[in-house]
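Peer 1: Sharing a structure below in structure tokens format, with a few things to ask.
The values are calculated or read from the model by the stated rules, or taken from the named source; none is laboratory data. What you are looking at is a predicted structure, and each value in this text was computed from that prediction instead of being measured. No Cβ is skipped: glycine too gets one built from the backbone with ideal geometry, and neighbour counts run over all protein chains shown. SASA here: full protein model, heavy atoms, side chains in, ligands and nucleic acids out. Shrake-Rupley method; radii C 1.70, N 1.55, O 1.52, S 1.80 Å.
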Amino acid sequence: MSSAAAFDVAVAGGGIVGAACALACAQRGLRVALVERDTLGSGATAAGMGHIVVMDDSEAQFALTRYSQQLWHKLAATLPASAEYEQRGTLWIAADQEEMEAAEKKHRWYSERSVPCELLTPAQLAEAEPNLVRSLAGALLVKEDGVVYPPTVALELARRAEQLGDRLFVGRAIRSAGDGRIQLEDGSAIEAARIVLALGADSVQLAPHIPVRKRKGHLVITDRYPGFVRHQLVELGYLKSAHSTSADSVAFNIQPRRTGQILIGSSRQFGVEHTETDQHILAAMLARAAIYMPAIRGLSAIRVWTGFRAATPDKLPLIGPDSHDPTLFLATGHEGLGITTSLATAELTADLLTNRTPAIAATPYLPTRYAQSQPTGKESRREETNAMEWSHAGVDHGIQ
Ligand SMILES: Cc1cc2nc3c(=O)[nH]c(=O)nc-3n(C[C@H](O)[C@H](O)[C@H](O)COP(=O)(O)OP(=O)(O)OC[C@H]3O[C@@H](n4cnc5c(N)ncnc54)[C@H](O)[C@@H]3O)c2cc1C
């Protein structure tokens, strides 16, 4: 890539996706600027659970999560201890026989694609996780899934990018981005041949035409209880309620941290943009957790917080050139999988920007899949895109 601009690439947003993109671009010899309004890794990256999980909702989702998981395995060996990376494995919990059949289907699907996994009987499950209720039908253990502390990784990736020559602009809010220029709120500007838009759930503020909606989530963290939970535990029950018309949902999703603390999730809400805790959602989430793990009621919670996922109608991120502005490149819309898929997103982004062939096909993630619904006027574009695309939104199998 050659340009008369000060930078080859300016990355807007210093979450885990933006930091990973900045590093991957620098590793390919590009001159990169990374711009973040707050501190690095402070957005959804700080609010997320840090579950590195391979997923099977579609072939495209599987390809991206599995590729990224393998990149995480390589990166993990070089991360500082403060990144808290651990390969805990995920236990997909089946509450009854119907869910056990779903676990068996998942087992076949993963096994056909060489993902190490194993079905557990109720007795094996009780031995693996003694604090789970005893009435369960079994589980699927997906062995290579991991856990990480995402804000530390975002900082680490940005630090490595800086060492390769990237310029970090931290504490600098962006007013607009496009036509090869990032206009900052302080009146200054950054010129770049390409702008990578990695603003997470806020991406739509600077690119109102893209089909991204905020999806709120709650998490609770407990005091230290080493050994209380050993794997990431996720209920398979969401399969039954996937067609629910309710906008709000909660699911049993629990994570052991290296510190001995336990992260309890998770919730999903559309149409709620305030950051405050919703008491009814919190209560429903904890009640759900207590059904699977009654002893949770006896643990002390030390903090509750919320965050926003960047949701797209087809549950796949937007990675690739924007359909309207040739200088704009999107790296957003990762919903509940952006920690997992950050590294693959960065490799795809850097490969596409330097005309290399990516390790996996980029087509399913290209923003052009929504292009036909994007008219020219910005506001009408947003309305029409949302009206058309969200009416076709598929089944929600998100877990985080
Ligand atoms: C409750 C919850 C649980 C989750 N659990 C998981 C999980 O277990 N596993 C998983 O893979 N994913 C999980 N996710 C999703 C994951 O957290 C996100 O997909 C991921 O963090 C997105 O990273 P990002 O860099 O795109 O966005 P962000 O981390 O939000 O980064 C965007 C950055 O852009 C900055 N920014 C915004 N506007 C401007 C502006 N105008 N000027 C300058 N900077 C700006 C923000 O300050 C922010 O730092 C979870 C999300 C939530 C909410």
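Peer 1: Just grab the label-to-label distance for Arg175 and Ala362, each label 7 Å out from Cα along the Cβ direction, in nm (one decimal).
Peer 2: 3.2
Peer 1: Rounded, prolate or oblate, given the Cα gyration tensor of the stretch 11-51, with a/c below 1.5 counting as rounded? Mind dumping the intermediate values first?
Peer 2: Numbers: a/c = 4.31, a/b = 1.71, b/c = 2.53.
Note, shape of the stretch 11-51 comes out oblate.
Peer 1: Per-residue HN-Hα couplings for the stretch 13-19, Karplus 6.51 cos²θ - 1.76 cosθ + 1.60 at θ = phi - 60°, whole Hz, x for Gly and Pro?
Peer 2: Those phi angles translate into x, x, x, 5, 5, x, 5 Hz.
Peer 1: Rounded to whole Hz and in sequence order, give me ³J(HN,Hα) for the stretch 48-56 from the Karplus expression 6.51 cos²θ - 1.76 cosθ + 1.60, θ = phi - 60°, writing x for Gly and Pro.
Peer 2: Taking θ as phi minus 60°, the curve returns x, 8, x, 8, 9, 10, 8, 10, 10 Hz for the stretch 48-56.
Peer 1: Moving to a separate point now. For the stretch 248-334, what class follows from the C-alpha gyration tensor (a ≥ b ≥ c being the square roots of its eigenvalues): rounded when a/c is under 1.5, otherwise prolate if a/b is larger than b/c, else oblate? Write down the numbers at each step before the final one.
Peer 2: Working: a/c = 2.83, a/b = 2.27, b/c = 1.25.
Prolate, because a/c is 1.5 or more and a/b exceeds b/c.
Peer 1: Where in the stretch 300-331 is the amide nitrogen less than 11 Å from a point lying 7 Å along the Cα-to-Cβ axis of Thr259?
Peer 2: 302-303
Peer 1: Additional query: Excluding ligands and nucleic acids, what accessible area in Å² is computed for Leu141 using a 1.4 Å probe, to the nearest 10?
Peer 2: So the heavy atoms of Leu141 present about 30 Å² to solvent.
Peer 1: To continue, here is another question. How large is the accessible surface of Phe169 in square angstrom, using a 1.4 angstrom probe and rounding to the nearest 10?
Peer 2: Only protein atoms counted, so the area is about 20 Å².
Peer 1: Once the whole set of protein chains is in place, how much accessible area is left on Asp57, using a 1.4 Å probe, in Å² to the nearest 10?
Peer 2: That residue has around 60 Å² of solvent-accessible surface.
Peer 1: Here's a follow-up. Can you list residues whose amide H is under 5 Å from Gly138's amide H, if they're 5+ apart or on another chain and H is modeled 1.01 Å from N?
Peer 2: It is Ala94, by chain and number.
Peer 1: Going by average Cβ density within 10 Å per residue, which order do the peptides 75-82, 49-56 take, highest to lowest?
Peer 2: Details: 75-82: 12.4, 49-56: 23.9.
Put in order of decreasing packing, that is 49-56, 75-82.
Peer 1: So what's the chain giving for Rg/Rh, alpha carbon basis, Kirkwood Rh from the mean inverse pair distance?
Peer 2: Working: Rg = 20.7 Å, Rh = 21.4 Å.
When Rh is taken as the Kirkwood radius, the ratio is 0.97.
Peer 1: Using heavy-atom solvent-accessible surface (probe 1.4 Å) with all chains present, what is the largest-first order of Tyr225, Tyr149?
Peer 2: Details: Tyr225 60, Tyr149 95 Å².
Ranking Tyr225, Tyr149 by accessible area, largest first, yields Tyr149, Tyr225.
Peer 1: Mind checking the per residue accessible area of the chain for me, 1.4 Å probe, whole number of Å²?
Peer 2: Values: 15800 Å² over 400 residues.
Normalised by residue count, the accessible surface of the chain is 39 Å².
Peer 1: Another question, if that's okay. Output wanted: per-residue J couplings in Hz (rounded whole) for the stretch 127-136, from phi through Karplus 6.51 cos²θ - 1.76 cosθ + 1.60, θ = phi - 60°, x for Gly and Pro.
Peer 2: For the stretch 127-136, the Karplus curve yields 6, 5, 9, x, 8, 6, 4, 7, 7, 6 Hz.
Peer 1: Of all accessible surface on the chain at a 1.4 Å probe, what whole percent is carbon and sulfur? Write out the running numbers ahead of the final one.
Peer 2: Working: 8150 of 15800 Å².
Exposed carbon and sulfur together represent 52 percent of the surface.
Peer 1: I'd like the FRET efficiency for Glu127 and Glu98, computed as 1/(1 + (r/R0)^6) with the beta carbon distance as r and R0 of 25 Å, rounded to 0.05.
Peer 2: 0.60
Peer 1: Averaging over all projection directions, find the projected area of the Cα convex hull of the stretch 95-199 and quote it in nm² with one decimal place. It would help to have the intermediate numbers written out before the result.
Peer 2: Working: hull surface 47.3 nm².
Seen from a random direction, the Cα hull of the stretch 95-199 projects 11.8 nm² on average.
Peer 1: Under 1.5 on a/c is rounded, so check that first for the stretch 77-132, then, if it is not, pick prolate when a/b is larger than b/c and oblate when it is not; a ≥ b ≥ c are the square roots of the alpha carbon gyration tensor eigenvalues. Please report the intermediate quantities before stating the final value.
Peer 2: On the way: a/c = 3.08, a/b = 1.51, b/c = 2.04.
The shape class here is oblate.
Peer 1: For the chain, what relative contact order do you get, as a whole percent, if you take Cα pairs closer than 8 Å and at least 6 residues apart? Write out the running numbers ahead of the final one.
Peer 2: Working: 925 pairs, mean separation 93.0, N = 400.
Contact order relative to length: 23 percent.
Peer 1: Per the helix-only calculation at 222 nm, which mean residue ellipticity applies to the chain, given -39500 (n - 2.57) for every DSSP H run of n ≥ 4 and division by its residues, nearest 500 deg cm²/dmol? It would help to have the intermediate numbers written out before the result.
Peer 2: Working: 10 runs with 119 residues, N = 400.
Calculated from helices alone, the mean residue ellipticity at 222 nm is -9000 deg cm²/dmol.
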